[in-house]
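A.B. asks: Have a look at this one before I ask anything.
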Amino acid sequence: MKVLLTGAKGQLGQALLASKSKELEVIATSRSGGEGIQALDLADHQACREAVLFHRPDWVLNAGAYTAVDRAESESELAHAVNAGAPRAFAEALLETGGSLLQLSTDFVFSGQQGFPYRVDQQRDPLGVYGSSKAEGEQAVEQVLAAEGRGIVLRTSWVYGPVGRNFMLTMLRLHRELEQLNVVADQVGCPTSTRTLAAVCWAVIDLQQKEKLPPVLHWSDAGAASWYDFAVAIGELAVLKGLLARAALVNPILAAEYPTPAQRPSYSLLDCTETREVLGLGACHWRSALDQVMADVDS
């Protein structure tokens, strides 16, 4: 089976490449390319289309995205080109070639105002440019491939891993450099490790060959946390693993005390019950997943 992977140099892309089975032929792509990785700019929709028509993959695994949430507010055109235009270009090309699309999406397609976990069938209501661009990407997949049963949207949340740019690595640096940190405590979601998310992506592709899966799936690690909870756990586990001599004092603050260009959901837990049942995968609590990821972090 042939898979065209986007975002191969990103944190999830690297986890996907590290965990792929030997039976899969993966064509790895990223915007800048590199050794063993083909250059593919997701803002270039013609290039996205031509990549599918040339390689004729069984799957496009679209793990690449514009993820700069705050910068998206001033780069709306680029965010929509990457997050909405690229999925549409892939879907339309796959409609011709017969392949399928696994589109990675986000909890930011919801406003976070309901106070309980979001089901897969709930209406999208994003707050900012990033969320709206990802919501448009979901809609493109549904509009083009839903009737064919060849498009799956996989939403996730608060992704982090041992490489790349993410909250965990930023907090490790700040714990090392500062005596005290102020971290938002009134935004709640669930951290999700690239290790568990990559396993789910491959499980979706494998299982879809055998039975038809729902068009929208949710995956995050189990439990709930605020950014404050996450930051405290990062410091505690880093000390236990010898990554830090001591953890900084973490002070909980309100989101209103840390204004950002983009508004974020205050509660964005995803209901992953259906996905776990469909894929036959057990839940891993976010703190256990964090402990596993930290084992791969360089001291």
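A.B. asks: Could you check segment 124-149 and list, in sequence order, the residues that are surrounded by fewer than 21 Cβ atoms within 10 Å (Cβ to Cβ) and either charged (D, E, K, R) or over 19 Å from residue 81 (Cβ atoms) (or both)?
C.D. replies: Within segment 124-149, 124, 125, 127, 136, 142, 146, 147, 148, 149 qualify.
A.B. asks: Quick check on segment 102-134: of everything there that is among the small types (Gly, Ala, Ser) and touching a strand residue (DSSP E or B) at 6+ places or on another chain (Cβ under 6 Å), which residue is farthest from residue 66 (Cα to Cα)?
C.D. replies: Here the answer is 115.
A.B. asks: Evaluate the following for residue 155: is it of a type in the set (D, E, K, R), in contact with a strand residue (DSSP E or B) (Cβ under 8 Å, 6 or more places away or on another chain) and modelled with pLDDT of 95 or more?
C.D. replies: yes
A.B. asks: Out of all the residues in segment 57-82, which are assigned to a loop (DSSP other than H, G, I, E, B), crowded, with 17+ Cβ neighbours inside 10 Å and not acidic (Asp, Glu)?
C.D. replies: Scanning segment 57-82 gives 57, 63, 64, 65, 66, 67, 69.
A.B. asks: Across segment 214-224, what is the total count of residues that are farther than 12 Å from residue 290 by Cα and crowded, with 23+ Cβ neighbours inside 10 Å?
C.D. replies: Of the residues in segment 214-224, 4 are farther than 12 Å from residue 290 by Cα and crowded, with 23+ Cβ neighbours inside 10 Å.
A.B. asks: Under 7 Å between Cβ atoms, at least 6 apart or on separate chains: pull out the pairs that start in segment 51-74 with a residue that is farther than 17 Å from residue 205 by Cα and end on any residue that is surrounded by fewer than 22 Cβ atoms within 10 Å (Cβ to Cβ) and hydrophobic (A, V, I, L, M, F, W, C).
C.D. replies: Matching pairs, first to second residue: 55/27; 66/78; 69/262; 70/262; 72/262; 73/262.
A.B. asks: Can residue 6 be described as buried (at least 18 other Cβ atoms within 10 Å of the Cβ), within 19 Å of residue 79 (Cβ to Cβ), in contact with a helix residue (DSSP H, G or I) (Cβ under 9 Å, 6 or more places away or on another chain) and β-branched (Val, Ile, Thr)?
C.D. replies: The answer is yes for residue 6.
A.B. asks: Give the number of residues within segment 8-40 that are among the hydrophobic types (A, V, I, L, M, F, W, C) and closer than 15 Å to residue 104 by Cα.
C.D. replies: Count: 4.
A.B. asks: State whether the residues of segment 177-192 include one that is over 21 Å from residue 255 (Cβ atoms) and within 19 Å of the chain's Cα centre (by Cα).
C.D. replies: no
A.B. asks: For segment 20-56, name all the residues that are of a type in the set (Asp, Glu) and either surrounded by 15 or more Cβ atoms within 10 Å (Cβ to Cβ) or not in a strand (DSSP E or B) (or both).
C.D. replies: 23, 35, 41, 44, 50 - these are the residues of segment 20-56 that are of a type in the set (Asp, Glu) and either surrounded by 15 or more Cβ atoms within 10 Å (Cβ to Cβ) or not in a strand (DSSP E or B) (or both).
A.B. asks: What's the total number of residues in segment 242-299 that are aliphatic (A, V, I, L, M) and farther than 24 Å from residue 196 by Cα?
C.D. replies: Number of matching residues: 11.
A.B. asks: Also, I was wondering about something else. Let me confirm something: among 211, 177, which residue is among the acidic types (Asp, Glu), modelled with pLDDT under 95 and surrounded by fewer than 15 Cβ atoms within 10 Å (Cβ to Cβ)?
C.D. replies: None of the other options fit; the residue is 211.
A.B. asks: Of all residues in segment 256-283, which are surrounded by 14 or more Cβ atoms within 10 Å (Cβ to Cβ) and either free of Cβ contacts under 8 Å to residues at least 12 places away in the same chain or within 18 Å of residue 174 (Cβ to Cβ) (or both)?
C.D. replies: Across segment 256-283, the qualifying residue is only 276.
A.B. asks: Might you check whether a residue that is acidic (Asp, Glu) and either within 18 Å of residue 13 (Cβ to Cβ) or crowded, with 24+ Cβ neighbours inside 10 Å (or both) occurs anywhere in segment 106-120?
C.D. replies: yes
A.B. asks: Also: Does residue 37 satisfy the condition of being on the phi < 0 side of the Ramachandran plot and in contact with a Ser or Thr (Cβ under 9 Å, 6 or more places away or on another chain)?
C.D. replies: Yes; evaluated as a whole, the condition is true for this residue.
A.B. asks: Also, I was wondering about something else. So which of 9, 2 is more than 20 Å from residue 197 (Cβ to Cβ) and modelled with pLDDT of 95 or more?
C.D. replies: When all the criteria are applied, what remains is 2.
The values are calculated or read from the model by the stated rules, or taken from the named source; none is laboratory data. Every value quoted in this text rests on a predicted model; they were computed, and no experiment measured them. Quick reminder, even Gly has a Cβ in these numbers, built from the backbone with ideal geometry, and neighbours come from all protein chains shown.
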